[in-house]
Amino acid sequence: MAGPEPVTARDEPLVRLTGVRKRFGDHQVLHGVDLEVARGEVLCLIGASGSGKSTLLRCVNHLERPNAGRVYVGGELIGYEERGGRLHELHERRIRAQRARIGMVFQHFNLFPHLTVLENVIEAPTRVNRQPREPATRAARALLDRVGLGDKVNAYPRSLSGGQQQRVAIARGLAMRPELMLFDEPTSALDPELVGEVLDVMRDLAAGGMTMIVVTHEMGFAREVATRVAFMDGGRILEQGTPRQVLADPRHERTRSFLSKVL
Ligand SMILES: Nc1ncnc2c1ncn2[C@@H]1O[C@H](COP(=O)(O)OP(=O)(O)OP(=O)(O)O)[C@@H](O)[C@H]1O
(Lines give C-alpha, C1' and ligand atoms only; values in the text may rest on other atoms or scores of the structure.)
Protein backbone atom coordinates (compact mmCIF):
# COMPACT_ATOMS: atom_id res chain seq x y z
CA MET A 1 0.00 0.00 0.00
CA ALA A 2 1.27 3.48 -0.84
CA GLY A 3 2.49 5.50 2.13
CA PRO A 4 1.09 8.88 3.09
CA GLU A 5 1.70 11.81 0.78
CA PRO A 6 4.81 13.75 1.79
CA VAL A 7 3.95 16.82 3.82
CA THR A 8 4.82 19.96 1.91
CA ALA A 9 4.65 23.57 2.93
CA ARG A 10 1.38 23.93 1.03
CA ASP A 11 -0.19 21.38 3.34
CA GLU A 12 0.54 23.58 6.34
CA PRO A 13 -2.49 25.50 7.51
CA LEU A 14 -2.34 29.07 6.22
CA VAL A 15 -3.51 30.33 9.62
CA ARG A 16 -2.64 28.75 12.94
CA LEU A 17 -3.58 30.10 16.35
CA THR A 18 -2.35 28.41 19.49
CA GLY A 19 -3.54 29.28 22.97
CA VAL A 20 -4.58 32.84 22.07
CA ARG A 21 -5.73 34.75 25.12
CA LYS A 22 -6.90 38.33 25.28
CA ARG A 23 -8.21 40.45 28.10
CA PHE A 24 -9.31 44.04 28.31
CA GLY A 25 -8.56 45.19 31.87
CA ASP A 26 -10.09 42.52 34.12
CA HIS A 27 -12.29 41.18 31.38
CA GLN A 28 -10.88 37.97 29.90
CA VAL A 29 -12.34 37.94 26.40
CA LEU A 30 -10.44 35.07 24.76
CA HIS A 31 -9.61 32.02 26.86
CA GLY A 32 -6.89 30.27 24.91
CA VAL A 33 -8.15 29.73 21.40
CA ASP A 34 -6.59 27.13 19.09
CA LEU A 35 -7.60 27.35 15.46
CA GLU A 36 -6.30 26.29 12.07
CA VAL A 37 -7.46 27.44 8.67
CA ALA A 38 -6.25 25.64 5.56
CA ARG A 39 -5.55 27.39 2.27
CA GLY A 40 -8.74 27.89 0.29
CA GLU A 41 -10.97 27.44 3.33
CA VAL A 42 -13.83 29.77 4.18
CA LEU A 43 -14.28 29.75 7.94
CA CYS A 44 -17.38 31.45 9.31
CA LEU A 45 -17.17 32.50 12.95
CA ILE A 46 -20.60 32.67 14.53
CA GLY A 47 -21.77 33.29 18.07
CA ALA A 48 -23.64 35.65 20.34
CA SER A 49 -22.75 39.30 20.70
CA GLY A 50 -19.77 39.67 23.02
CA SER A 51 -18.55 36.08 22.57
CA GLY A 52 -15.20 37.36 21.23
CA LYS A 53 -15.53 36.85 17.47
CA SER A 54 -14.24 40.28 16.43
CA THR A 55 -11.48 40.20 19.01
CA LEU A 56 -10.31 36.83 17.72
CA LEU A 57 -10.38 38.06 14.12
CA ARG A 58 -8.43 41.19 15.07
CA CYS A 59 -5.79 39.06 16.81
CA VAL A 60 -5.07 37.37 13.46
CA ASN A 61 -3.60 40.57 12.01
CA HIS A 62 -2.47 42.02 15.33
CA LEU A 63 -5.02 44.83 15.38
CA GLU A 64 -5.48 43.41 18.87
CA ARG A 65 -2.39 42.24 20.67
CA PRO A 66 -2.95 38.83 22.30
CA ASN A 67 -1.86 38.59 25.96
CA ALA A 68 -0.70 35.04 25.36
CA GLY A 69 -0.52 32.51 22.58
CA ARG A 70 0.72 32.71 19.04
CA VAL A 71 -0.69 33.55 15.65
CA TYR A 72 0.97 32.28 12.48
CA VAL A 73 -0.02 33.27 8.95
CA GLY A 74 1.79 31.51 6.13
CA GLY A 75 4.16 30.05 8.72
CA GLU A 76 5.21 33.49 9.97
CA LEU A 77 4.69 34.51 13.58
CA ILE A 78 2.48 37.62 13.58
CA GLY A 79 3.31 40.61 15.76
CA TYR A 80 6.27 39.11 17.57
CA GLU A 81 9.71 37.66 17.08
CA GLU A 82 11.45 35.14 19.25
CA ARG A 83 14.77 36.25 20.74
CA GLY A 84 16.60 34.57 23.57
CA GLY A 85 13.70 32.21 24.12
CA ARG A 86 11.27 35.10 24.67
CA LEU A 87 8.74 36.86 22.50
CA HIS A 88 9.34 40.52 21.67
CA GLU A 89 6.77 42.62 19.88
CA LEU A 90 7.85 43.63 16.40
CA HIS A 91 8.46 47.23 15.43
CA GLU A 92 5.23 48.89 14.24
CA ARG A 93 6.66 49.15 10.70
CA ARG A 94 7.10 45.37 10.50
CA ILE A 95 3.66 44.76 11.96
CA ARG A 96 2.19 47.04 9.29
CA ALA A 97 4.07 45.07 6.61
CA GLN A 98 2.64 41.81 7.96
CA ARG A 99 -0.82 43.33 8.16
CA ALA A 100 -0.61 44.55 4.57
CA ARG A 101 -0.51 40.93 3.40
CA ILE A 102 -3.82 40.22 5.10
CA GLY A 103 -6.86 41.96 3.64
CA MET A 104 -9.44 43.16 6.12
CA VAL A 105 -12.98 44.36 5.56
CA PHE A 106 -14.73 46.09 8.46
CA GLN A 107 -18.38 46.52 9.30
CA HIS A 108 -18.26 50.27 8.59
CA PHE A 109 -16.21 50.19 5.35
CA ASN A 110 -13.61 52.66 6.72
CA LEU A 111 -12.91 54.22 3.31
CA PHE A 112 -10.97 57.49 3.13
CA PRO A 113 -13.73 60.06 2.52
CA HIS A 114 -11.43 62.60 0.83
CA LEU A 115 -10.14 60.07 -1.73
CA THR A 116 -11.95 58.79 -4.82
CA VAL A 117 -12.84 55.13 -5.18
CA LEU A 118 -9.74 54.52 -7.32
CA GLU A 119 -7.47 56.43 -4.94
CA ASN A 120 -8.82 54.41 -2.01
CA VAL A 121 -7.88 51.19 -3.79
CA ILE A 122 -4.38 52.25 -4.89
CA GLU A 123 -3.52 53.95 -1.60
CA ALA A 124 -1.89 50.95 0.06
CA PRO A 125 -0.06 49.53 -2.99
CA THR A 126 1.43 52.93 -3.88
CA ARG A 127 2.16 54.18 -0.35
CA VAL A 128 2.98 51.02 1.58
CA ASN A 129 4.42 48.94 -1.29
CA ARG A 130 5.75 51.90 -3.27
CA GLN A 131 4.25 50.43 -6.43
CA PRO A 132 4.35 52.84 -9.40
CA ARG A 133 1.02 54.55 -9.94
CA GLU A 134 0.34 53.21 -13.43
CA PRO A 135 0.39 49.43 -12.76
CA ALA A 136 -1.35 50.03 -9.42
CA THR A 137 -4.10 51.92 -11.25
CA ARG A 138 -4.45 49.17 -13.84
CA ALA A 139 -4.74 46.52 -11.13
CA ALA A 140 -7.22 48.64 -9.16
CA ARG A 141 -9.44 49.13 -12.21
CA ALA A 142 -9.48 45.37 -12.75
CA LEU A 143 -10.45 44.81 -9.11
CA LEU A 144 -13.18 47.44 -9.30
CA ASP A 145 -14.52 45.75 -12.44
CA ARG A 146 -14.50 42.49 -10.54
CA VAL A 147 -16.70 43.92 -7.76
CA GLY A 148 -18.98 45.55 -10.35
CA LEU A 149 -17.85 49.14 -9.82
CA GLY A 150 -15.80 49.80 -12.93
CA ASP A 151 -17.92 52.88 -13.62
CA LYS A 152 -17.34 54.42 -10.18
CA VAL A 153 -13.58 54.91 -10.19
CA ASN A 154 -13.82 58.69 -9.90
CA ALA A 155 -16.70 58.79 -7.42
CA TYR A 156 -16.22 59.74 -3.77
CA PRO A 157 -17.39 57.31 -1.08
CA ARG A 158 -20.18 59.62 0.16
CA SER A 159 -21.92 59.41 -3.24
CA LEU A 160 -22.10 55.60 -3.08
CA SER A 161 -24.59 53.31 -1.37
CA GLY A 162 -23.41 51.29 1.62
CA GLY A 163 -23.26 48.16 -0.52
CA GLN A 164 -21.13 49.91 -3.12
CA GLN A 165 -18.83 51.30 -0.42
CA GLN A 166 -18.40 47.84 1.03
CA ARG A 167 -17.53 46.48 -2.41
CA VAL A 168 -14.89 49.21 -2.75
CA ALA A 169 -13.58 48.15 0.66
CA ILE A 170 -13.29 44.57 -0.60
CA ALA A 171 -11.42 45.74 -3.73
CA ARG A 172 -9.12 47.77 -1.47
CA GLY A 173 -8.51 44.71 0.70
CA LEU A 174 -7.60 42.71 -2.41
CA ALA A 175 -5.27 45.37 -3.80
CA MET A 176 -2.29 44.12 -1.81
CA ARG A 177 -2.84 40.65 -3.29
CA PRO A 178 -3.42 39.06 0.11
CA GLU A 179 -3.34 35.34 0.75
CA LEU A 180 -5.96 35.76 3.43
CA MET A 181 -9.04 37.96 3.75
CA LEU A 182 -10.67 38.78 7.07
CA PHE A 183 -14.27 40.03 7.17
CA ASP A 184 -15.74 41.51 10.34
CA GLU A 185 -19.52 41.51 9.97
CA PRO A 186 -19.26 43.03 6.49
CA THR A 187 -23.01 43.29 5.95
CA SER A 188 -24.25 44.25 9.43
CA ALA A 189 -24.31 47.98 8.70
CA LEU A 190 -26.14 47.61 5.39
CA ASP A 191 -29.78 48.07 4.53
CA PRO A 192 -31.25 44.60 3.91
CA GLU A 193 -31.64 45.15 0.17
CA LEU A 194 -27.89 45.83 -0.17
CA VAL A 195 -26.67 42.76 1.70
CA GLY A 196 -26.94 40.41 -1.29
CA GLU A 197 -24.60 42.35 -3.58
CA VAL A 198 -21.81 42.22 -0.99
CA LEU A 199 -22.37 38.54 -0.23
CA ASP A 200 -22.27 37.81 -3.97
CA VAL A 201 -18.81 39.39 -4.22
CA MET A 202 -17.66 37.34 -1.23
CA ARG A 203 -19.15 34.20 -2.76
CA ASP A 204 -17.14 34.84 -5.97
CA LEU A 205 -13.97 35.34 -3.96
CA ALA A 206 -14.54 32.06 -2.16
CA ALA A 207 -15.20 30.28 -5.46
CA GLY A 208 -11.89 31.69 -6.72
CA GLY A 209 -10.08 29.93 -3.87
CA MET A 210 -9.43 32.84 -1.51
CA THR A 211 -8.86 31.82 2.10
CA MET A 212 -11.35 33.74 4.23
CA ILE A 213 -12.31 34.13 7.87
CA VAL A 214 -15.72 35.72 8.13
CA VAL A 215 -17.40 36.91 11.31
CA THR A 216 -21.03 36.95 10.37
CA HIS A 217 -24.64 36.72 11.44
CA GLU A 218 -25.62 35.72 7.88
CA MET A 219 -26.45 32.09 8.47
CA GLY A 220 -27.51 31.56 4.84
CA PHE A 221 -24.03 32.60 3.70
CA ALA A 222 -22.42 30.36 6.33
CA ARG A 223 -24.56 27.44 5.22
CA GLU A 224 -23.90 27.88 1.50
CA VAL A 225 -20.35 29.19 1.30
CA ALA A 226 -18.41 28.21 4.43
CA THR A 227 -16.23 25.13 4.30
CA ARG A 228 -16.29 25.23 8.10
CA VAL A 229 -18.33 26.97 10.77
CA ALA A 230 -16.97 27.67 14.25
CA PHE A 231 -19.33 28.60 17.07
CA MET A 232 -17.82 30.90 19.69
CA ASP A 233 -19.16 31.13 23.19
CA GLY A 234 -17.66 33.05 26.09
CA GLY A 235 -14.26 33.49 24.43
CA ARG A 236 -13.90 29.87 23.37
CA ILE A 237 -14.62 27.91 20.23
CA LEU A 238 -17.25 25.58 21.58
CA GLU A 239 -17.64 23.56 18.42
CA GLN A 240 -16.67 23.59 14.79
CA GLY A 241 -17.37 21.50 11.75
CA THR A 242 -19.01 21.57 8.36
CA PRO A 243 -21.97 23.94 8.05
CA ARG A 244 -24.25 20.92 8.06
CA GLN A 245 -22.77 19.56 11.28
CA VAL A 246 -22.81 22.83 13.20
CA LEU A 247 -25.93 24.51 11.82
CA ALA A 248 -28.19 21.50 11.33
CA ASP A 249 -26.94 19.08 13.95
CA PRO A 250 -25.07 20.97 16.70
CA ARG A 251 -23.59 18.96 19.54
CA HIS A 252 -23.85 21.59 22.26
CA GLU A 253 -26.94 22.89 23.94
CA ARG A 254 -25.52 26.44 23.80
CA THR A 255 -25.06 26.20 20.03
CA ARG A 256 -28.63 24.93 19.69
CA SER A 257 -29.91 27.76 21.85
CA PHE A 258 -28.00 30.38 19.81
CA LEU A 259 -29.19 28.93 16.51
CA SER A 260 -32.80 28.81 17.66
CA LYS A 261 -32.64 32.61 17.99
CA VAL A 262 -30.98 33.38 14.66
CA LEU A 263 -32.14 30.73 12.18
N1 LIG B 1 -11.13 47.65 22.89
C2 LIG B 1 -11.87 47.08 23.85
N3 LIG B 1 -11.81 47.52 25.13
C4 LIG B 1 -12.55 46.93 26.10
N5 LIG B 1 -13.38 45.89 25.90
C6 LIG B 1 -13.50 45.42 24.64
C7 LIG B 1 -12.75 45.98 23.56
N8 LIG B 1 -13.05 45.29 22.43
C9 LIG B 1 -13.95 44.35 22.79
N10 LIG B 1 -14.21 44.42 24.11
C11 LIG B 1 -15.13 43.55 24.86
O12 LIG B 1 -14.79 42.21 24.56
C13 LIG B 1 -15.97 41.41 24.48
C14 LIG B 1 -15.96 40.69 23.15
O15 LIG B 1 -16.15 41.64 22.12
P16 LIG B 1 -16.14 41.24 20.59
O17 LIG B 1 -16.41 42.49 19.80
O18 LIG B 1 -14.94 40.48 20.28
O19 LIG B 1 -17.39 40.28 20.51
P20 LIG B 1 -18.23 39.80 19.27
O21 LIG B 1 -18.52 38.36 19.50
O22 LIG B 1 -17.54 40.16 18.01
O23 LIG B 1 -19.57 40.63 19.42
P24 LIG B 1 -20.51 41.36 18.33
O25 LIG B 1 -21.21 40.27 17.57
O26 LIG B 1 -21.45 42.17 19.16
O27 LIG B 1 -19.61 42.20 17.48
C28 LIG B 1 -17.15 42.34 24.68
O29 LIG B 1 -17.55 42.25 26.02
C30 LIG B 1 -16.57 43.71 24.41
O31 LIG B 1 -17.23 44.69 25.14
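Which one is farthest from the chain's Cα centre (by Cα), of the residues in segment 176-199 that are under 23 Å from residue 141 (Cα atoms) and of a type in the set (D, E, K, R)? The extreme case among them is 197.
Within segment 224-243, track down each residue that is open to solvent by 80 Å² or more (accessible area, probe 1.4 Å) and in contact with a Lys or Arg (Cβ under 8 Å, 6 or more places away or on another chain). If you could, list the steps in order and put the result at the bottom.
Our first condition is that a residue be open to solvent by 80 Å² or more (accessible area, probe 1.4 Å); within segment 224-243, this holds for 224, 236.
224 - this is the single residue of segment 224-243 that is open to solvent by 80 Å² or more (accessible area, probe 1.4 Å) and in contact with a Lys or Arg (Cβ under 8 Å, 6 or more places away or on another chain).
Scanning segment 73-98 for residues that are in contact (Cβ under 8 Å) with a residue 40 or more places away in the chain and over 14 Å from the mean Cα position of the chain (by Cα) returns 74, 75.
Being at pLDDT 95 or above, over 17 Å from the mean Cα position of the chain (by Cα) and of a type in the set (Ser, Thr, Tyr) is not true of residue 216. On the stretch given as segment 151-166, residues that are part of a helix (DSSP H, G or I) and open to solvent by 30 Å² or more (accessible area, probe 1.4 Å) total 6. Out of all the residues in segment 168-185, is one or more open to solvent by 20 Å² or more (accessible area, probe 1.4 Å), within 16 Å of the ligand (Cβ to nearest atom), out of contact with any Leu (no Cβ under 8 Å at 6 or more places or on another chain) and acidic (Asp, Glu)? Yes, because at least one residue in segment 168-185 is open to solvent by 20 Å² or more (accessible area, probe 1.4 Å), within 16 Å of the ligand (Cβ to nearest atom), out of contact with any Leu (no Cβ under 8 Å at 6 or more places or on another chain) and acidic (Asp, Glu). Condition check for residue 130 on (1) open to solvent by 40 Å² or more (accessible area, probe 1.4 Å); (2) within 21 Å of residue 178 (Cβ to Cβ); (3) modelled with pLDDT of 95 or more; (4) not in a helix (DSSP H, G or I): one failure, at (3).
The values are calculated or read from the model by the stated rules, or taken from the named source; none is laboratory data. Not measured: the values here are computed from a predicted model. No Cβ is skipped: glycine too gets one built from the backbone with ideal geometry, and neighbour counts run over all protein chains shown. Keep in mind that these areas ignore ligands, DNA and RNA; they rest on the heavy atoms of the full protein, side chains included. Shrake-Rupley method; radii C 1.70, N 1.55, O 1.52, S 1.80 Å.
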